[in-house]
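The structure appears right after this line, and notes come after that.
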Amino acid sequence: MTPLTIAAAQSISIAGDLAANIAWHQRFMQVAAEQGVQLLVFPELSLTGYERELAAELAIAPEDALLQPLRDFAQEIGVTTVVGMPVRLSEDSPVLIGALVLGADGSLGVYSKQHLHPGEEVAFAPGRGGSPLTIGGDTVALAVCADFSHASHAAAAARQGANLYAAGVLITENGYAPDTTLLQGYAVTHSMVVLMANHGGATGGWESAGRSAIWASDGSLIAAAPGTGNLLVVARRTTDDWTGQTVAVAEA
């Protein structure tokens with residue numbers, strides 16, 4: 001296997017402040033580039049926070065110029081970056097929970113959350129999913145939070161040839177044990193590396209558990225955050241072996 005470095009960005013979002021969150025994402029991306037990361041995945045709705053009551057107001061088209069600085073930066077530093085944002089696919093379409101793929105090659109990919117948590121339907125409509133990503137010789141399937149609570153979602157990713165399953169999430173302490181058991185189980189069942197990027201602090205009235213993690217395809221833990229806070233969870237593959245570390249992210 002060729003070398004690969006991936007990371008979960010465990011970031012703390014500022015409610016509804018897109019400009020501040022973009023700047024903070026750029027800081028994470030810079031630290032990731034310094035670590036040689038090729039794929040960086042942020043939590044669910046990372047650019048706005050998990051703010052359901054603000055989603056309709058903040059939702060943008062994926063190609064909106066507001067995100068151009070992030071797209072340009074991803075290309076400049078060579079880090080394919082997956083960010084969370086409420087999106088509308090057309091002016092009159094409903095609001096979706098988006099995971100936008102800012103390619104290191106300048107491309108833009110759109111994944112939208114397919115399975116909603118109870119209560120999310122007041123602000124969002126179910127999305128359409130999206131195509132897997134290709135990073136070198138690896139195939140990456142994306143998920144957003146409740147997507148992975150459906151075993152069929154991970155199974156479909158495996159059928160598409162994914163060897164890496166990357167989920168941006170918001171998981172609280174009460175949900176952490178059952179949710180991570182599911183994710184670790186998918187790693188074993190489908191022989192996929194599984195990445196989970198959780199929020200680093202409170203958002204939308206929920207207290208995130210943090211503890212973002214990456215599991216190897218045999219279910220063993222490569223790396224995990226010890227708790228909440230702003231940090232990267234990094235996993236590196238050299239030949240067939242994985243090593244991991246956590247890296248604190250502070251303001252420049």
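The values are calculated or read from the model by the stated rules, or taken from the named source; none is laboratory data. No experiment lies behind these values; they were computed from the predicted model shown. No Cβ is skipped: glycine too gets one built from the backbone with ideal geometry, and neighbour counts run over all protein chains shown. Areas reflect the complete protein model, heavy atoms only, side chains present, ligands, DNA and RNA absent. Shrake-Rupley method; radii C 1.70, N 1.55, O 1.52, S 1.80 Å.
Does any residue of segment 123-130 turn out to be crowded, with 19+ Cβ neighbours inside 10 Å, free of Cβ contacts under 8 Å to residues at least 60 places away in the same chain and in a helix (DSSP H, G or I)? Checking segment 123-130: not a single residue is crowded, with 19+ Cβ neighbours inside 10 Å, free of Cβ contacts under 8 Å to residues at least 60 places away in the same chain and in a helix (DSSP H, G or I).
Scanning segment 102-161 for residues that are under 26 Å from E76 (Cβ atoms) and small (G, A, S) gives G103, A104, G106, S107, G109, G130, S131, G136, G137.
Across segment 1-20, the qualifying residues are those that are surrounded by fewer than 24 Cβ atoms within 10 Å (Cβ to Cβ) and among the polar types (S, T, N, Q), and the one among them that is farthest from A224 (Cα to Cα) is T2. When only residues in segment 194-208 that are assigned to a strand (DSSP E or B) and buried (at least 24 other Cβ atoms within 10 Å of the Cβ) count, which is nearest to the chain's Cα centre (by Cα)? My answer is A197.
Does A104 count as open to solvent by 20 Å² or more (accessible area, probe 1.4 Å), under 24 Å from E251 (Cα atoms), of a type in the set (G, A, S) and in contact (Cβ under 8 Å) with a residue 60 or more places away in the chain? Against the criterion (open to solvent by 20 Å² or more (accessible area, probe 1.4 Å), under 24 Å from E251 (Cα atoms), of a type in the set (G, A, S) and in contact (Cβ under 8 Å) with a residue 60 or more places away in the chain), A104 qualifies. With respect to being over 13 Å from the mean Cα position of the chain (by Cα), among the hydrophobic types (A, V, I, L, M, F, W, C) and open to solvent by less than 70 Å² (accessible area, probe 1.4 Å), A141 falls outside the description. Give the residue that is nearest to W24 (Cα to Cα), with candidates limited to residues of segment 54-90 that are assigned to a helix (DSSP H, G or I) and open to solvent by less than 20 Å² (accessible area, probe 1.4 Å). Applying the filter and picking the extreme gives L70.
Looking only at segment 209-224, which residues are farther than 18 Å from H25 by Cα and either among the small types (G, A, S) or surrounded by fewer than 19 Cβ atoms within 10 Å (Cβ to Cβ) (or both)?
A209, A213, A216, S217, D218, G219, S220, L221, A223, A224, listed by residue number.
Of the residues making up segment 35-53, none is in a helix (DSSP H, G or I), surrounded by 19 or more Cβ atoms within 10 Å (Cβ to Cβ) and small (G, A, S). Among the residues of segment 231-252, those that are small (G, A, S) and under 20 Å from Q26 (Cβ atoms) comprise A248, A250, A252. Residues that are open to solvent by less than 20 Å² (accessible area, probe 1.4 Å), closer than 20 Å to G200 by Cβ, touching a strand residue (DSSP E or B) at 6+ places or on another chain (Cβ under 6 Å) and assigned to a strand (DSSP E or B) do occur in segment 144-155.
A quick yes/no check of all residues on (1) out of contact with any strand residue (DSSP E or B) (no Cβ under 8 Å at 6 or more places or on another chain); (2) at pLDDT 95 or above; (3) among the hydrophobic types (A, V, I, L, M, F, W, C):
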{"residue": "P62", "(1), (2), (3)": "no, yes, no"}
{"residue": "P69", "(1), (2), (3)": "yes, yes, no"}
{"residue": "V79", "(1), (2), (3)": "no, yes, yes"}
{"residue": "V95", "(1), (2), (3)": "no, yes, yes"}
{"residue": "T134", "(1), (2), (3)": "no, yes, no"}
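Consider segment 230-252 and keep the residues that are in a loop (DSSP other than H, G, I, E, B) and more than 16 Å from the chain's Cα centre (by Cα). The one that is surrounded by the most Cβ atoms within 10 Å (Cβ to Cβ) is V249.
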